[in-house]
Amino acid sequence: MKRIRVMVVDDSLQFASAVGQFLACNGNFEVLASANSGGEALARASTDRPDLMFIDISMPGMNGLAVTSVIKGREAAPKIVMMTLEDGEEHRIGAMAAGADAFLPKDDFAHGFPAVLDSLFAKSSFNQESRVSHG
């Protein structure tokens, strides 16, 4: 089975590292180097070609909404999950308007991650094999 290549984009090095470690514990993911700014995310996404990106909305300079809009305009764009500490309706609407595939509040990451993953990859071989091996 092909592992899902994941990139985390967040200006908080601590949060990006925690998400990377969380994903690395699951053998279904190949965690790529994280990006700490919008510009770095655009460059790395072009070269590393992730299948899935977790992008923080609030970053200095180019924010996550702008990054998502640019990446989703590219051919073969990855799935994007927008994250933020501020879980408000305006953030959810902005994330979807930018082209995000899902929204996940940072304080609910570990709990909400399985449902988000299921919604993004429900018909993929990843999800079917995961269900077979876990139960």
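Summary value for region 1-75: 36 percent relative contact order, contacts being C-alpha pairs under 8 angstrom separated by 6+ residues. Calculated over region 64-104, the projected area of the Cα convex hull averaged across directions stands at 2.5 nm². Distances between every pair of Cα atoms in the chain, grouped in 10 Å steps from 0 to the bin holding the largest one, split as 13, 47, 34, 6, 0 percent.
For the chain, adding -39500 (n - 2.57) for each run of n ≥ 4 DSSP H residues and dividing by the number of residues yields -14500 deg cm²/dmol at 222 nm.
Per-atom-type breakdown for the chain gives carbon and sulfur 53% of the accessible area (1.4 Å probe, protein chains only).
One chain, two ends: Arg3 and Thr47. Fully extended at 0.36 nm per residue, the span grows by 14.1 nm beyond their Cα-Cα distance. Between Ser37 and Glu89, the modelled label-to-label distance comes to 3.6 nm, taking each label 7 Å out from Cα in the direction of the beta carbon. The Cα trace of region 24-91 gives Rg and Dmax of 12.2, 34 Å, the first to one decimal, the second as a whole number. Modelled label positions at Met96 and Phe22, each set 7 Å beyond Cα in the direction of Cβ, lie 2.3 nm from each other.
The values are calculated or read from the model by the stated rules, or taken from the named source; none is laboratory data. Please read all numbers here as calculations on a predicted model, not as lab measurements. Note that we place each Cβ from the backbone using ideal geometry, even for glycine, and neighbour counts take in every protein chain shown. The protein model used for the area step is the full one, side chains on, heavy atoms only, and it has no ligands, DNA or RNA in it. Shrake-Rupley method; radii C 1.70, N 1.55, O 1.52, S 1.80 Å.
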